[in-house]
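The values are calculated or read from the model by the stated rules, or taken from the named source; none is laboratory data. Remember, it's a predicted structure, so these values are computed and weren't measured experimentally. Here Cβ is always computed from backbone atoms with ideal geometry, including for glycine, and neighbour counts include all displayed protein chains.
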């Protein structure tokens, strides 16, 4: 049994099992008047899907990312991740859900500057209770998966933008999460590098990862199998429901 | 769907807390060093003050121990006329009869100069004096010889002399090899040289050492014969049993000079050293106070740096929350970071303080004493300061909502 098998939270399951289910999700920010960023969203993402959540600024897609990633709780409605209702969990348990079930990729990469690529990827398992040695073994395997086996001991400032994003993607994947959320993963990259990251996302998806890419880049969104388009806090278009 | 049980809580192993905190510090090395410096200076100052004061005290205590607190000095005070009064000739015998007295030695003065030869101007005595002494002087004052022997009953009646260390040095005599010196108009053979009473290179000064180190001792008999001095002493050294010092002290004046006890001065040479020790410790408090101020400033520096770190590292905090860290994990990381910073400064401070103490004390010829309570106290102070300075920034870091922390700066 490999280290990674030990880490796997019994995923991937069978295809078409819902990994993420949102029902009537409303998110309201307090103020006068209160701001309704999400106005009743229903969305189901199944195991093995590669989905783009797309929309202009202010359409609610950032709030959507936060709610899907359990970084924020909905005001109304329910959020299920891997079958668990998470919208009413305590902060402590939400942290555990994020650590175990969700992997994040950010536009700004958010790598730790003082750490090597290997240790940056290993931080993906930092809060999982896995020993440092096992974290590093898993990180090395995952870095190899994203094509950076030769860059393990490099620090972020010795890596190109594309390589940094690959490290960040490896960090999101290292714990084999049920769901990977990528927030504008190509937003800080040139078009050629963006294409390679796009290809990597496709490749990882074909290996079984469930990925949701939140972006305002229509080209990127259209290259993905499913597009969910937001406008004014509501889903305007979902390619799966109305192709 | 068959999914595993929902995780109850993420975990952050102790080793990982320390690794994360260390990583936070090593990523910004210069800032880490500068902010630890305040603590280093504060704790270094306190350890050095305690170390130096204890080393200095140890030096004084060594001197006191060498001298013995049971040594009393009886001298003729000033008479009513203002002139020096001498002690009665029989005072030595009288004092010897006091029960607890162990030994008594008398020293008298001889109004003569001591010179290396007859070419030197007698007016230039170099601050040296000639004194009469009995054979038991060394016993009474715990003196030792660096060369030769002391005056005994036989040599005390011959023109022989024993030089105090300063006297020997000023006359350029380093060993006993038949050298003669001129006392008054008479040639005396040097038979012994005393080891210095002030044999340490510190600045401890007492009249006792000055007097004895600068004297050329001759026997009472030869002094009477050649210079017609009286046999009455002007100073008597009394060694008594430790427990009876106060009793002996109270009867000494009347025993030494029953006719005019009020003219007799009785002192205890170690009192001067103890007074000096007490005087030096008042400076210690001043420096300890300055060290405490430096520590306070250092602590505020760490708090300041940590507050800035929390603001600067919002994204890192957000990332860690996204990776599964709870508020408690974030708080722990920043608190440990402040603690490590402070302890780093504290360890450096203890080493600095110990180094300064060792350097200065050995320079002064003192025994190096680095009090363990200063080391332990310094490290404990560092931990307390780190905890206090880190608490508020760590709580701020923990309170930050993940969504807010992740917002691009």
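Summary table
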read-out	value
Selection from region A:122-139 of residues that are on the phi < 0 side of the Ramachandran plot and over 20 Å from the mean Cα position of the chain (by Cα)	A:130, A:131, A:132, A:133, A:134, A:136, A:137
Options A:138, A:149, A:144; residue that is in contact (Cβ under 8 Å) with a residue 40 or more places away in the chain and farther than 24 Å from residue A:214 by Cβ	A:138
Residues being closer than 13 Å to residue B:299 by Cα and either touching a strand residue (DSSP E or B) at 6+ places or on another chain (Cβ under 6 Å) or without any contact (Cβ under 8 Å) to a residue 24 or more places away in the chain (or both) - total across region B:381-402	1
Matching helices (runs of 4 or more DSSP H) fully within region B:173-265 where at least 1 residues are within 27 Å of the chain's Cα centre (by Cα), at pLDDT 80 or above and within 30 Å of residue B:118 (Cβ to Cβ)	B:207-213
Given (1) at pLDDT 90 or above; (2) more than 17 Å from residue B:20 (Cβ to Cβ), index of the condition residue B:370 fails	(1)
Matching residues in region B:129-172 - criterion: being outside any helix (DSSP H, G or I), touching a strand residue (DSSP E or B) at 6+ places or on another chain (Cβ under 7 Å) and free of Cβ contacts under 8 Å to residues at least 40 places away in the same chain	B:136
Filtered residues of region A:112-167 (kept if assigned to a loop (DSSP other than H, G, I, E, B), in contact with a helix residue (DSSP H, G or I) (Cβ under 6 Å, 6 or more places away or on another chain) and more than 23 Å from residue B:321 (Cβ to Cβ))	A:146, A:148, A:152, A:154
Which listed residue is touching a strand residue (DSSP E or B) at 6+ places or on another chain (Cβ under 8 Å) and in a helix (DSSP H, G or I), from A:181, A:204, A:200	A:204
Region A:46-72 - residue that is over 12 Å from the mean Cα position of the chain (by Cα) and assigned to a strand (DSSP E or B) and, of those, nearest to the other protein chains (Cβ to nearest Cβ)	A:46
Top-ranked residue in region A:108-121 [being at the interface with another protein chain (Cβ under 7 Å from one of its Cβ atoms) and within 15 Å of the chain's Cα centre (by Cα); ranked as modelled with the highest pLDDT]	A:110
Single residue of B:365, B:355 found to be farther than 30 Å from residue A:171 by Cβ, surrounded by fewer than 23 Cβ atoms within 10 Å (Cβ to Cβ) and without any contact (Cβ under 8 Å) to a residue 40 or more places away in the chain	B:355
Residue among B:123, B:66 that is modelled with pLDDT under 75, part of a helix (DSSP H, G or I) and surrounded by fewer than 20 Cβ atoms within 10 Å (Cβ to Cβ)	B:66
Conditions (1) in a helix (DSSP H, G or I); (2) buried (at least 17 other Cβ atoms within 10 Å of the Cβ); (3) more than 14 Å from every other protein chain (Cβ to nearest Cβ): number failed by residue B:388	(2)
One residue from B:43, B:64 being more than 14 Å from every other protein chain (Cβ to nearest Cβ) and farther than 30 Å from residue B:142 by Cα	B:43
Set B:59, B:76: member being at pLDDT 75 or above, buried (at least 21 other Cβ atoms within 10 Å of the Cβ) and closer than 20 Å to residue B:254 by Cβ	B:76
The one condition in (1) at the interface with chain B (Cβ under 7 Å from one of its Cβ atoms); (2) in contact (Cβ under 8 Å) with a residue 24 or more places away in the chain; (3) more than 10 Å from residue B:7 (Cβ to Cβ) that residue A:105 fails to fulfil	(1)
Those residues of region B:14-35 which are closer than 16 Å to residue B:328 by Cα, surrounded by 15 or more Cβ atoms within 10 Å (Cβ to Cβ) and facing another protein chain (nearest Cβ under 9 Å), in sequence order	B:16, B:20
Count of residues meeting criterion [outside any helix (DSSP H, G or I) and surrounded by fewer than 24 Cβ atoms within 10 Å (Cβ to Cβ)] in region A:87-103	4
Qualifying residue in region A:127-136 (condition: more than 14 Å from chain B (Cβ to nearest Cβ) and buried (at least 19 other Cβ atoms within 10 Å of the Cβ))	no
Candidate set: region B:285-335, residues that are away from chain A (no Cβ under 14 Å) and under 27 Å from residue A:70 (Cβ atoms); chosen: the one surrounded by the fewest Cβ atoms within 10 Å (Cβ to Cβ)	B:311
Criterion (more than 7 Å from chain B (Cβ to nearest Cβ) and either farther than 14 Å from residue A:168 by Cβ or surrounded by 24 or more Cβ atoms within 10 Å (Cβ to Cβ) (or both)) met by exactly one of A:77, A:124	A:77
Residue in region B:371-385 that is closer than 30 Å to residue B:55 by Cα and not in a helix (DSSP H, G or I) present	yes
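Residue-by-condition table, conditions (1) crowded, with 22+ Cβ neighbours inside 10 Å; (2) under 22 Å from residue A:224 (Cα atoms); (3) in contact with a strand residue (DSSP E or B) (Cβ under 6 Å, 6 or more places away or on another chain); (4) at pLDDT 90 or above:
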{"residue": "A:5", "(1), (2), (3), (4)": "no, no, no, no"}
{"residue": "A:21", "(1), (2), (3), (4)": "no, yes, yes, yes"}
{"residue": "A:29", "(1), (2), (3), (4)": "no, no, yes, yes"}
{"residue": "A:71", "(1), (2), (3), (4)": "yes, no, no, yes"}
